[in-house]
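Working notes, structure below.
The values are calculated or read from the model by the stated rules, or taken from the named source; none is laboratory data. A quick note: this is a predicted structure, and the numbers were derived from the prediction, not measured. Here the Cβ is made from the backbone with ideal geometry for all residues, glycine too, and neighbour counts use every protein chain on show. Note: accessible area is taken over every heavy atom of the protein model, side chains too, but ligands, DNA and RNA are not part of it. Shrake-Rupley method; radii C 1.70, N 1.55, O 1.52, S 1.80 Å.
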Amino acid sequence: MPRELIDDFGRRVNYVRISVTDRCDFRCVYCMSEEMTFLPRAQVLTLEELAMVARAFVELGVEKVRLTGGEPLVRRDIGSLVEQIGGLSGLNDFAMTTNGASLRKHARQLREGGLKRLNISLDSLDSERFRRLTRTGDLDRVIDGIRAAREAGFERIKLNAVILKGRNDDEVLDLVEFARHENLDISFIEEMPLGDVSDHSRAETFCSSDEVQAIIESRYPLIPTTESTPGPSRYFRMGDSDSRIGFISPHSHNFCSTCNRVRVTVEGRLLLCLGNEHSVDLRRVLRSHPGDMEALKHAIVAAMPLKPERHHFTTDGDVQVVRFMNMTGG
């Protein structure tokens, strides 16, 4: 059994994103439809299975695990899973992506369980607009959750903002100011064409990272950083702040050549690429060979040749992948 995961293009996979639920207490317009049908419980990996998947990846040289959803904090006993993964030897970076609405309740337990970093979605600082974009979200709860996470002692907290032209692109500088004031990092994300959304035309709302960067540089010159990060963000700094500005640009600045990531959906599909359907059914392995770590690791290693060289997203509104983002894991 190899000690690390290498795909057919020589890229080392050292980062896995594991979805713990497809459910969410928000219904963000770019992530899912307003009326969703969620997976039956029998199709969802148990906490024990999720922990086993994380352990298998770490034993194969993966250094970073990120828990995603849906919204991870709606999963019952999420603190127990965090504690199991947080104690794995060889895990250097343990993170979670969340909408932040339940962090006041969970932040301290997550930090004590070994979670190191948080990405918190925040697309607007206007309460009414935030409600429209999330369909159900309460901005005050999210901001309170951000502050609860800071109080709990997380090493770095990063905001994620999906920018849609004509919807929230006028708030780019406000979001930067908020990040600076709260001593947070922030990444601006181009919308990804996953799932057939009915709320807006993706061709009309697409806003490139270059456009967002130009808005920011109208006030703050951005200095490229030389630091390497385990994720897809390109980071910049401002001369008078510790906050970093990141751009995740699957359309305008394709990052496939350095992709070090794979995803595991909550139903146990190992996705080798966000923009392709190549996958391996790890749930079948887990349930056909209960407790057999070697069988699970063998299935993961055998999947590496399926990782494609690149994705092929377009900006014309065409849906390249029919599954919604909540099914994929953020």
**OP:** Using a 1.4 angstrom probe, figure out how much accessible area the chain has per residue, in square angstrom, rounded to the nearest whole.
**Re:** 42 Å²
**OP:** Convert each backbone phi in the stretch 238-250 into a coupling constant with the Karplus relation 6.51 cos²θ - 1.76 cosθ + 1.60 (shift: θ = phi - 60°), then list the ³J(HN,Hα) values in order as whole Hz, x for Gly and Pro.
**Re:** 10, x, 10, 8, 7, 5, 9, 10, x, 10, 10, 10, x
Original post:
Can you pull out the cysteines in the chain that have no other Cys Cβ under 4.7 Å?
Top reply: CYS24, CYS207, CYS256, CYS259, CYS273
**OP:** Could you check how much of the accessible area of the chain is carbon and sulfur, as a whole percent, using a 1.4 Å probe?
**Re:** 45 percent
Original post:
When only alpha-carbon atoms count, how far does the stretch 3-325 stretch along each of its three principal axes, as whole angstroms with the largest first?
Top reply: 55, 43, 41
Original post:
For the peptides 53-60, 278-285, what is the packing order when you average, over each peptide's residues, the other Cβ atoms within 10 Å and list the highest mean first?
Top reply: 53-60, 278-285
**OP:** Using packing as a proxy for protection, rank 145-157, 63-75, 116-128 so that the peptide with the highest average count of other Cβ atoms within 10 Å comes first.
**Re:** 63-75, 116-128, 145-157
Original post:
Over the stretch 3-325, what is the relative contact order in whole percent, taking alpha-carbon pairs under 8 Å and six or more residues apart?
Top reply: 20 percent
